[in-house]
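Report on one structure; see the data block that follows.
The values are calculated or read from the model by the stated rules, or taken from the named source; none is laboratory data. The model shown is predicted, which means the values in this text are computed figures rather than measured ones. We place every Cβ from the backbone using ideal geometry, glycine too, and count neighbours over all the protein chains shown. Heads up: the accessible areas ignore ligands, DNA and RNA and are worked out on the full protein's heavy atoms, side chains in. Shrake-Rupley method; radii C 1.70, N 1.55, O 1.52, S 1.80 Å.
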Amino acid sequence: MNHLIIFAHPQQSLNQTLLDLVVSTLLNNGHDVTVRDVYSLNFQPELSSAEKAAIKSGDVPIAIQIEQKLVQKADVLTFIFPIWWTGLPAMLKGYVERVFSEGFAYRTTEQGIENLLWDKKAVIINTHDAPRTFLDSNMIVTPSHHMTTDTEVFNFIGMEPVERLLFSSMDQASTDYIHEVLKETKETVDQLFPPAV
């Protein structure tokens, strides 16, 4: 299978370790993997009114065409990012807004929205510094939050979210806890995408 991993974290962190683990596990299982690190790419997140109009008229910028070709080629898209201010980091939000654009990821018809990436699957791996009890009590992770990042983004364009891992309490996490996080991640990837028979 072809995997596209979209990664968003500006520093060396557990997210980077998770990325490396997911890549190595997929490669060891015989899958093809492409990584797009939005920070390393220095991806420009702003969707300007001029660009939006240009895309609507079919004049898609080269940088966006490159990303869209990678998305089109992929069977599975894996998003690895920390939850900041209850959602996607701004850099990743901008990537979604610019790359998953109208005419590529969806189109508007008289019957409503037609999603165009229905043949893709999505995996989401999130980290958060606060403990899960804090996330729950402050409604940072709720069905509505899942709707925002899963249903409203991925289902809107047709992608099927097949797994979501959320690791909380990452601030000053112990070595044993990090080991468990990595173990769960590897087991999940192995289960979802085992070696081809």
Given the residues Thr25, Thr86, which is the only one that is in contact (Cβ under 8 Å) with a residue 24 or more places away in the chain, among the β-branched types (Val, Ile, Thr) and at positive phi?
Thr86
Can you pull out the residues in region 172-197 that are free of Cβ contacts under 8 Å to residues at least 60 places away in the same chain and either surrounded by 10 or more Cβ atoms within 10 Å (Cβ to Cβ) or not in a helix (DSSP H, G or I) (or both)?
Gln172, Ser174, Tyr177, His179, Glu180, Lys183, Glu184, Glu187, Thr188, Val197
So, of the residues in region 138-197 that are under 13 Å from the mean Cα position of the chain (by Cα), modelled with pLDDT of 75 or more and charged (D, E, K, R), which turns out to be farthest from Gln12 (Cα to Cα)?
Glu160
Residue identified as surrounded by 16 or more Cβ atoms within 10 Å (Cβ to Cβ), in a strand (DSSP E or B) and either more than 13 Å from the chain's Cα centre (by Cα) or touching a residue at least 40 places away in the same chain (Cβ under 8 Å) (or both) among His3, His9
His3
Which condition from (1) at pLDDT 95 or above; (2) out of contact with any helix residue (DSSP H, G or I) (no Cβ under 9 Å at 6 or more places or on another chain) is the one that Ile80 breaks?
(2)
Report yes if Glu46 is among the acidic types (Asp, Glu), open to solvent by 10 Å² or more (accessible area, probe 1.4 Å) and in contact with a Ser or Thr (Cβ under 8 Å, 6 or more places away or on another chain), otherwise no.
no
Does Gly30 satisfy the condition of being modelled with pLDDT under 95 and on the phi > 0 side of the Ramachandran plot?
no
Given the criteria open to solvent by less than 40 Å² (accessible area, probe 1.4 Å), farther than 17 Å from Val153 by Cα, within 12 Å of the chain's Cα centre (by Cα) and β-branched (Val, Ile, Thr), does Val38 qualify?
yes
Selection count, region 154-171, where residues are on the phi < 0 side of the Ramachandran plot, part of a loop (DSSP other than H, G, I, E, B) and surrounded by 13 or more Cβ atoms within 10 Å (Cβ to Cβ):
3
